[in-house]
Every structure is written in structure tokens, then in C-alpha cells.
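Student: Got a structure here, written out as C-alpha cells. Questions coming.
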Amino acid sequence: MKTNLLLSSLAASLILAFPVQAADKMKASKATAALVEEAPLRAHLALLSSDTFEGRGTGQRGGDLTVQYLESQSQVIGLKPGNGNSYRQLVKIAGVKAQPQQSSLQLVAGGNPLAIEFGKDWVWAPGDAVASHQFDTDIVFVGYGISAAEEKWDDYKGQDVTGKLLVMMVNDPLPTAQEPNRFGGKALTYYGRWTYKYEEAKRRGAAGVLLIHTDASASYGWSVVQNGGTAEKFQLQGAALGTGLQGWISEDTARKLFSGAGQDLDQLRAAAERSDFKPVTLAAKLVGEEKADIRTVEQYNVAAVVPGTDPKLKDELVIYSAHWDHLGKQGTSGDTIYNGAVDNGSGTAALLAMAKAALQAPAKRSQMFLWVAAEEQGLLGSALYAAQPLWPLEKTAANLNLDSLNFVGITRDMSTRGSERTELGDIAGKVAKNMGLVIAPAEPDLAGGYFRSDHFSFAKAGVPAFSIGGGKDYVKDPEAAKEKMKAYGKRYHQASDEFDPSWDLSGMVQQAQFTLNLGRAVADSPKMPAWKAGDPLGKLRAK
């Protein structure tokens, strides 16, 4: 009852601040541009990233509050339910929380147990939602853990790794002077993502995987691994599950392991850069019992629709997405709330402001505003939607995703990395020009950003999709703006990612407006955008 009263109060306060247009006024406004307003965006962002929502954690009270809030605000704005008569789409997942104090896991090298601590030196959890696993398992170093026929690369070389613990590097093989474009050149391919490495290990029957962390290869520090690795993890129920153990070890721990096993880590890593690399069985083992608490959690995607106006095209759809979740409450002392203001309170709030604007001038195709669950747990909400779409995927023109928006200030450019794989890139260029903007120059995707946001779930299902990023050519005080954005790196996935009332949200509004304008251009186009010829993801659309 208290929760419902709280949500009702919050909704009422925003109704007073941003009243719903009367029906006749709404009709009159259809001829005008759909303009994203800063006031509702700021209000939603401040509220969603406040302590009231407790960091919007998956499987936590704050997550439940967030879903209720998005549902109520969709009703307030006047959006149609996206799932029949409901705004919700059930996402059934298993919650997995490692219990290191109850476990007896040890890494043993050369017959000697390593003196390492969970969280400080390594993190792990079962990848198959099973509460207990016993290990007495040989350890094999498999380089990058990649098998890619089109790259003529196989780190496994036919070796049977069934029942083994695989230790491997993050990222994918570096380009060379002889092969400057192998594995995407400087850019990260999907083979470099930890999700792929877990998947491939499972396909080969491995007992577990430990990834070697470095700041450069992971593109984030060990603290990010600690925060994510020690928290409860989530897996889609009914989906392909992982190995019995999935985790990370710090680089220092990896050195201890390899040295204790009589191997030189640097030499083996250098060898793994060559296509003739073969797996190396270490004089080491994983022994002991892994224990975890397992629970079933019901979370929800929230889907709301602005119906299209064209008698035929209204059956087709443009989806705007953003993940509503962050890391929730963790720990027992200090600041325990990971508010996630930028990641991704910004995208969550932006979609609400965009939806309000879209109703002022509906497009020919229908438009869905989709807030997905459990992105921080491995794109689970968007993966569920792609597997069980509320709208036929073959009639879904595009997915435009927003994740961690520009909170620094207005820019002269906009980032559309990944759009070049489809005709969305050309459309984005025209939209940018009409707004007096330019598309930021393409840069190598060193961190594999294209594979780390919710749009990738749609792309893997054949829907043209990418995430719209903020620009970097700041209009006001460029150097100070760049430093401010750079400093956010230290707050990423930390409790300090909090809303600051002094933020200049002009850049956030600009980014949201560009996204809405791009979606509108797609929604009004005579045909749906296609993948560029030869793109492997485009083959899925063709089928």
C-alpha cells in the first residue's frame, strides 16, 4: 500500500508540472514539430536517480518501483499499452548470488594453493543457476578462446576441453602489419566479448571459465568487475545457460597462477596472438565446492506505443529503447545506493520526454517506447523481447537505443557508431544536417560498444539497430566540457553516479531530439531501412 501511495504521489506531482494536452489541443498540435522539452526530462531524471528508487536494482524494491513509475507515466502521457491491455512484458530470470564464505574454492598451482580473496583477486558465480558445484578440475589456457572459421582462427585446435576450467584473455587478436584488418582491425568484434567466450566454452563442454582482466582489454578497471562480480547476477530462465563457473581473475592473480604452474604469462599471451597457438594445460587445478543462493525473479520490460497514422504503414514499427535498471543497493555501510543517474537514468527519462513529444505529431508508422529490464546483467530484457517480440520483428523497421546520455552540454556533432552497417547511417546523416549538426567521424570501436548495449539484441535478430551516442564537439567551454565527461569514467558503475541539479541538460535534450527526429524519418519513409550488402547480421533479416 505504501508503494502504491508513493507512486501515486510521484505521478500526481508530474501531472501538475506537465499537464496532459486536451484532445482538441493535441489534434491541433499534430501539424507542429515534436519537440523534446527539458523540464520533463530533468524532472524524470532527478526522480528516477534519487535514493527513492534505490538504484533501480534488478530483483530489488527499487526495480519494482521503477516499473510502476514507467507504467503510470505512460498512462499519464497518453501512450497505448504495448502488450495487449498491458504495458508490461514478463521477464522471468534466475537470481544467482555467489556465497564465497560458504564455498571452499581454491586455485592450486604446482601443488600449492594460491592465497587469493574473492572480490579482491577473483570473482565467480555459477553460470547455470545451480546452487552447488564440486570441482577437481584441470586448468587450460586457451588464448582468446575464439573459434572463427571466417578468420581462419581456432584457439582450441580440436583439443577436448570437456570438464576443464578454461582461462582466457578478453578482447580479440590484435591486428598486424601483415593482417591489419583481422578481427575488425583495431575495433572489437563480438568474438572479443566476454559473452561470446562464455557461450563458446559452454558449447565445448567446459566446466568453467575465468577471464583475465586488464584495464586495456576490458576497457574498464577492476573495480567495475568487483562491483558486478560480487553482486547478485541474473540469467534468463529457459534460455541457453552457461558453464558451472563463470568469472574473472585480476592480472596479478593470473601471474601468480601461471608462475606457480611453471609458465610465463606474457610469453603465452604473445603466443596467443598467432593463429598457430595451441591450448596449454597448466600444472594447476580448480578444487573445492562453489556455493550460491538461487532464486526466481519476475521483472518486466515496459512497452508503450504511439500508433501510426498511415492505414498500411501503421502496422510497421520503430522502437526507441533504453534500459531502466542499474545496480541497486549493495553493501551494508557507506553509500549503499548505486543511483545510476547517467547510466541509465538519463536514457530512461529521455524516452519519457520523447514519448510526450511524439504524441504531439504521430508518424506514419507506429512508434514504441520500450524500457527494458536487466541490461546490466547481460542485456536480458532486450534478449527476451527479441525472442518473444510484442510486434513482429519482420515489421519492425529499426531499433534506436539510448544508454548514458550527454549530461555536459550541447554539441555540434552526434555519434551514430554502428549505423553505417545499415541504411540508418545515411538517414542519420540527413537528419543531422537538418538540425545543423554533423555526424562524428567514425572511430575504431575499441571497447566493442556495439555489442554491449540493448540494440545488439535486436541486431542479432535481424532488425537494423544501433545506439545513439552524444557528440564530443562541445559548443560551450570545450576543454572543460571534455574534462567533465572524462571524469565520469571514475563514477561509472560506482555509487557516485548521482544526479547533479547544476547539470546543463541541453546536450541531453539535443541527443533525445536527434533520436526522435531520426525515428520519425524512419517512421515516415516509404520503405523500411535495410542492412548493407554483406553484413552478416543482414542475413538474418533476409531470412
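The values are calculated or read from the model by the stated rules, or taken from the named source; none is laboratory data. If you're wondering where the values come from, they're calculated on a predicted model, not measured in any experiment. Glycine also receives a Cβ, built like all others from the backbone with ideal geometry; neighbour counts cover every protein chain displayed.
Student: Taking the stated definitions as given, is PHE458 crowded, with 22+ Cβ neighbours inside 10 Å, farther than 27 Å from GLY192 by Cα and at pLDDT 95 or above?
Tutor: no
Student: Then there's this: Just checking, does segment 446-457 include any residue being more than 25 Å from the chain's Cα centre (by Cα) and either part of a helix (DSSP H, G or I) or more than 24 Å from TYR190 (Cα to Cα) (or both)?
Tutor: No, every residue in segment 446-457 fails to be more than 25 Å from the chain's Cα centre (by Cα) and either part of a helix (DSSP H, G or I) or more than 24 Å from TYR190 (Cα to Cα) (or both).
Student: What is the number of the single condition among (1) at pLDDT 95 or above; (2) under 30 Å from VAL509 (Cβ atoms); (3) within 27 Å of the chain's Cα centre (by Cα) that VAL76 does not meet?
Tutor: (3)
Student: Output yes when any residue across segment 312-319 is farther than 29 Å from ALA148 by Cβ, assigned to a loop (DSSP other than H, G, I, E, B), within 28 Å of the chain's Cα centre (by Cα) and at pLDDT 95 or above, and no when none is.
Tutor: Yes, the conditions are met somewhere in segment 312-319.
Student: Also, quick follow-up: Any residue at all in segment 511-533 that's farther than 22 Å from MET368 by Cβ, surrounded by fewer than 20 Cβ atoms within 10 Å (Cβ to Cβ) and not basic (Lys, Arg)?
Tutor: yes
Student: Only one of these is assigned to a strand (DSSP E or B) and either among the hydrophobic types (A, V, I, L, M, F, W, C) or touching a helix residue (DSSP H, G or I) at 6+ places or on another chain (Cβ under 9 Å) (or both): VAL161, VAL130, VAL108. Name it.
Tutor: The match here is VAL108.
Student: Still on this model: Given the criteria surrounded by fewer than 20 Cβ atoms within 10 Å (Cβ to Cβ), farther than 30 Å from GLY55 by Cα and not assigned by TED's automatic domain parsing to the domain that holds GLY145, does ASP276 qualify?
Tutor: no
Student: Among the listed residues LEU41, LEU10, LEU65, which satisfies the condition of being assigned to a helix (DSSP H, G or I), closer than 25 Å to PHE499 by Cα and modelled with pLDDT under 75?
Tutor: One residue alone meets the criteria, LEU10.
Student: Would you say TYR191 is part of a helix (DSSP H, G or I), of a type in the set (Phe, Trp, Tyr) and surrounded by 21 or more Cβ atoms within 10 Å (Cβ to Cβ)?
Tutor: yes
Student: Could you list all residues from segment 383-420 that are surrounded by 20 or more Cβ atoms within 10 Å (Cβ to Cβ) and assigned to a helix (DSSP H, G or I)?
Tutor: Hits for segment 383-420 are ALA383, LEU384, TYR385, ALA386, SER419.
Student: List the number of the failed condition for VAL305; all other conditions in (1) surrounded by fewer than 24 Cβ atoms within 10 Å (Cβ to Cβ); (2) modelled with pLDDT of 95 or more; (3) not in a strand (DSSP E or B) hold.
Tutor: (3)
Student: Every residue in segment 461-476 that is closer than 12 Å to PHE407 by Cα, surrounded by fewer than 24 Cβ atoms within 10 Å (Cβ to Cβ) and under 17 Å from the mean Cα position of the chain (by Cα), please.
Tutor: The one that is closer than 12 Å to PHE407 by Cα, surrounded by fewer than 24 Cβ atoms within 10 Å (Cβ to Cβ) and under 17 Å from the mean Cα position of the chain (by Cα): GLY469.
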